[in-house]
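Bear in mind these aren't lab numbers, they're just calculated from the coordinates by the rules spelled out. Bear in mind that the values here come from a model prediction, so they are computed numbers and not experimental data. When we count neighbours, we look across all protein chains shown, and the Cβ atoms used for this are built from the backbone with ideal geometry, even at glycine.
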Amino acid sequence: MANSSNRKMTREEAGRLGGEATAKKHSREFYQEIGKKGGKATSKNHSREFYQEIGQKGGEATSRNHNREFYQEIGRKGGKK
């Protein structure tokens, strides 16, 4: 973080501080609304194949990063609903 020796702030530091300031100004509903708007805009600009591709990539990454116990646990949680 910037200190008294006038060192410039890194982009990471500036981004974190800006995000914290924005989070203080806005409610959960604000973020839900902009997320909804972003999702609608994305769906207008991308095809079904786009979503299939990113879903497949996400599933492959998840399977690389988690073990059998992870899937058993999320299966149990899903079964409780």
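Of the residues LYS36, LYS44, LYS8, only one is exposed (fewer than 10 other Cβ atoms within 10 Å of the Cβ), part of a helix (DSSP H, G or I) and without any contact (Cβ under 8 Å) to a residue 60 or more places away in the chain; which? Lay out the reasoning, then the answer.
Numbers: LYS36 fails: exposed (fewer than 10 other Cβ atoms within 10 Å of the Cβ); LYS8 fails: part of a helix (DSSP H, G or I).
Residue meeting the stated conditions: LYS44.
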Practice prompt. Select from the stretch 63-79 the residues that are surrounded by fewer than 10 Cβ atoms within 10 Å (Cβ to Cβ) and not in a helix (DSSP H, G or I) and list them in ascending order.
Written response: ASN67
